[in-house]
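Here the structure comes first, spelled out in structure tokens, and everything after it is commentary.
The values are calculated or read from the model by the stated rules, or taken from the named source; none is laboratory data. Small disclaimer: the values here were computed from a predicted structure and weren't measured. For neighbour counting, all protein chains shown are included, and Cβ atoms are generated from backbone atoms with ideal geometry for every residue, glycine included. Heads up: the accessible areas ignore ligands, DNA and RNA and are worked out on the full protein's heavy atoms, side chains in. Shrake-Rupley method; radii C 1.70, N 1.55, O 1.52, S 1.80 Å.
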Amino acid sequence: QVQLVESGGGLVQTGGSLRLSCAASGRTISSYGMGWFRQAPGKEREFVATISWIGRNLYYADSVKGRFTISRDNAKNTLYLQMNSLKPEDTAVYYCAATRTGQAMANILEYNYWGQGTQVTVSS
């Protein structure tokens, strides 16, 4: 019922910044909790950041705390991930996801809808 499309990935040098966007269609995301996950080659998909439908609750993986910022603009039906001080270990395909719980959730099993992913590559 909801489709998610990520954009903004690319190649950046260590210490650089990128801003990822996740545009939703089909229905508004205003009532959904939203999250970002990433998956590196040969590894399982891991939690990055999440935000509740109101936007007042936010959680981050320890590996990105202080560097990444998750936000949402419900009027634009869009989720964002600002990525600063990027490191080579941040290299992965980044996915946005929506959970009908409406809450900020770190558990991948709580998410109902997924985007196709966008590649982020950080060169050393």
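Quick look at the numbers
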read-out: Residue in the range 53-68 that is aliphatic (A, V, I, L, M), modelled with pLDDT of 95 or more, more than 20 Å from GLU110 (Cα to Cα) and under 15 Å from the mean Cα position of the chain (by Cα) present; value: yes
read-out: Restricting the range 27-68 to residues that are among the basic types (Lys, Arg) and farther than 15 Å from GLU6 by Cβ, the residue that is least open to solvent (accessible area, probe 1.4 Å); value: ARG67
read-out: Selection within the range 69-89 - over 13 Å from the mean Cα position of the chain (by Cα) and either open to solvent by less than 30 Å² (accessible area, probe 1.4 Å) or of a type outside the set (Lys, Arg) (or both); value: ASP73, ASN74, ALA75, ASN77, ASN84, SER85, LEU86, PRO88, GLU89
read-out: Conditions (1) in contact with a helix residue (DSSP H, G or I) (Cβ under 6 Å, 6 or more places away or on another chain); (2) open to solvent by less than 40 Å² (accessible area, probe 1.4 Å); number of the one not met by SER124; value: (2)
read-out: Which listed residue is open to solvent by less than 30 Å² (accessible area, probe 1.4 Å) and under 30 Å from SER124 (Cα atoms), from ALA106, ALA92, ALA24, ALA98; value: ALA92
